[in-house]
Every structure is written in structure tokens, then in C-alpha cells.
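The values are calculated or read from the model by the stated rules, or taken from the named source; none is laboratory data. As the structure is a computational prediction, the values presented were derived from the model and not from experiment. Cβ: placed from backbone, ideal geometry, glycine included. Neighbour counts: every protein chain shown. Surface accessibility is based on the protein's heavy atoms, side chains included, excluding ligands, DNA and RNA. Shrake-Rupley method; radii C 1.70, N 1.55, O 1.52, S 1.80 Å.
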Amino acid sequence: MQKQGHRPMIEKPAYMLESVDNALRLVQLLRDVGAVRLSEAATELGVAPSTAHRLFAMLLYRGFAVQDENRRYHPGPAMGAGPARRGWTREFTERSRPHMEALASRCGETVNLVIRVGTQVRFLLSCESSEMLRVGDRQGQVLDAERTAGGKILLAELRKDVLAQLYLRPADWSETDSVPGDRTMSAEQFEAFTRDLAGCRTAGFAINLQQTEAGIAAFGMTVRNHASDPLGAISVAIPVMRYQQRLRGPLIAQMQSTVRSIEADVADIEI
């Protein structure tokens, strides 16, 4: 008989999805150990290194792992990402969807919707282009805000003292304090960063030029409600070979028109 207050033992599913189970075991391994080599992971799972490598590739793609210069795997930004605690995000996503799909069709590039949570951005929705050469789906990913176009334009909304709390490195910081994924900056780096954000704020959009992925560029613009509170941002991700073409072409104006349309539909959403 089960004692009151004790949770029942969770039984192993009758039909195990081995690949899913292995991916989840890798997530647990990263959580509990913190730094894992490919050979160690393969041994732990009892699989070939090539299989472990494919599993890690998916964790890297979805932000659950990062790799350092010594090729060790560490917990990624998605591992520390708690619930957004924003009940309005589903409504925000659904109201934005038709406008984003129209923009993707019009400009021929992939359009994303992101929100900022601390120093991270979360991709709520991706509307892919139909072009043969295009940037793929990013929905569900969690990335460092300052590296992304949508994240940068949302950070540009913050006061400098708030940015300092998020990014300015303490005066007594030393190299031994570094950990993988640390986003803090020296005073000199922070000043350059805030100047860059000021430029984004003046221009009305931000650019990510191969900061998150080689060969990929993106433009980001803020989406606000009726009170001018930033709800999130849309970004248009493009292969870098088309960057100059899009920068000189109608893309910025198309994005501005889409933002106005979205803002008309999300005006009543409160944060």
C-alpha cells in the first residue's frame, strides 16, 4: 500500500523509444556531470561514438549543449532556461503567425518570433521560406540574446544600468572565474556593447552577421503593445551570401510594415 505523501514509482514504458531515451540520458549526464567527452558519453550510453555524436548534434542545435575548444560538451543555455512564466506568449505567437507567414512569402526568407528572458532569447515560432537555399526552423531554440538580431534589438530597449546588471563583469573578476557560457564583459567590452545597442536603437533594427552560426545573417525589429512595451521581436534570417542584397533592398521596409501589422493585432496584450 502506498504511503500518504509518497509519489508512486514511475514504471518504465512498455514501448521504449531508444533514441529519445538516449538523448534524455545525455541531458541528464550534462546536468549532473557538467563536462562530458564524446567517448565518455558513448560508453555511458553503450552506443557507438558516431551515434553519440549524432545525439549531441541535436542537443547543440536545440541549445541543450555547447562545446568548448577542447571538444568537451557542457550544459547549453536551454538547460538553465526555466519556464518563461508569461501566459500571453501563446496568444502573441498565434496573432503574429499570419503576418510572419506573409512576410516569409513576400521576402523569400525565414522569419522568426523571439522573446527575451534575461540574457537569452527563446524562439517561439519560425516561418520558413520556400527557397531551396534558406535558413531552417529555429522554433524552440534558446540562444544568447546579444548574439542574435532579435535579442540585440530587445536589449537595446533596456537602460544602461539594467544592462550592467546583466553583462558587466565584477571588478574583482579573474580568469579563473570563467565558466563555459559566461556572457559577462569587461568594462571596455561593455562600453563597446552599449554603443552598438545605441546604434541599433537609432536605426530601429539590429543585425546579426554570423554571430550565432557561420554563413547566417539576420535582421531584427521590436514588436510592441499599445503601451509601447516590447513584447518580443521578429527576425529575418538569411544565408550570408544574400546579406548585402537584403540590406540594400526592400527587406527593412517589408519588416517595418509587418511589425506595424502585428502590433495592430497584439495591441491589447499585456506583459
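Annotations for the structure displayed:
- Any pair with Cβ under 8 angstrom, 6 or more apart, that starts in the stretch 183-199 at a residue that is closer than 12 Å to Lys152 by Cβ and acidic (Asp, Glu) and ends at one that is open to solvent by less than 40 Å² (accessible area, probe 1.4 Å) and part of a helix (DSSP H, G or I): Asp196/Lys152
- Scope the stretch 73-91; condition in contact with a helix residue (DSSP H, G or I) (Cβ under 9 Å, 6 or more places away or on another chain) and at pLDDT 85 or above; matching residues: Tyr73
- Qualifying residue in the stretch 54-62 (condition: modelled with pLDDT of 90 or more, open to solvent by 40 Å² or more (accessible area, probe 1.4 Å) and either of a type in the set (A, V, I, L, M, F, W, C) or over 30 Å from Ile252 (Cα atoms) (or both)): yes
- Inside the stretch 140-185, residues that are outside any helix (DSSP H, G or I), open to solvent by 60 Å² or more (accessible area, probe 1.4 Å), of a type outside the set (D, E, K, R) and at pLDDT 85 or above make up a count of 1.
- Among the residues of the stretch 224-234, those identified as in contact with a Lys or Arg (Cβ under 9 Å, 6 or more places away or on another chain) and either of a type in the set (Val, Ile, Thr) or open to solvent by less than 10 Å² (accessible area, probe 1.4 Å) (or both) are Leu231, Gly232, Ala233.
- Matching residues in the stretch 187-198 - criterion: being open to solvent by 40 Å² or more (accessible area, probe 1.4 Å) and of a type outside the set (A, V, I, L, M, F, W, C): Glu188, Gln189, Glu191, Arg195, Asp196
- Some residue of the stretch 32-55 being in a helix (DSSP H, G or I), closer than 26 Å to Gly118 by Cβ and under 21 Å from the mean Cα position of the chain (by Cα): no
- For the stretch 25-49, filtered to residues that are at pLDDT 85 or above and charged (D, E, K, R), the residue that is nearest to His74 (Cα to Cα) is Arg37.
- Residue list for the stretch 206-223, filter: within 15 Å of Ala145 (Cα to Cα) and open to solvent by 40 Å² or more (accessible area, probe 1.4 Å): Ile207, Leu209, Gln210, Gln211, Thr212, Glu213
- Of all residues making up the stretch 21-38, the number that are without any contact (Cβ under 8 Å) to a residue 40 or more places away in the chain and either open to solvent by 70 Å² or more (accessible area, probe 1.4 Å) or of a type in the set (D, E, K, R) (or both): 7
- For the stretch 199-245, residues that are charged (D, E, K, R) and under 27 Å from Val266 (Cα atoms) total 3.
- Pair list, Cβ < 6 Å and 6+ apart or interchain, from the stretch 251-264 residues that are part of a helix (DSSP H, G or I) to residues that are polar (S, T, N, Q): Ile262/Ser96
- Looking across the stretch 208-250 at every residue that is assigned to a loop (DSSP other than H, G, I, E, B) and hydrophobic (A, V, I, L, M, F, W, C), the one that is nearest to the chain's Cα centre (by Cα) is identified as Ala214.
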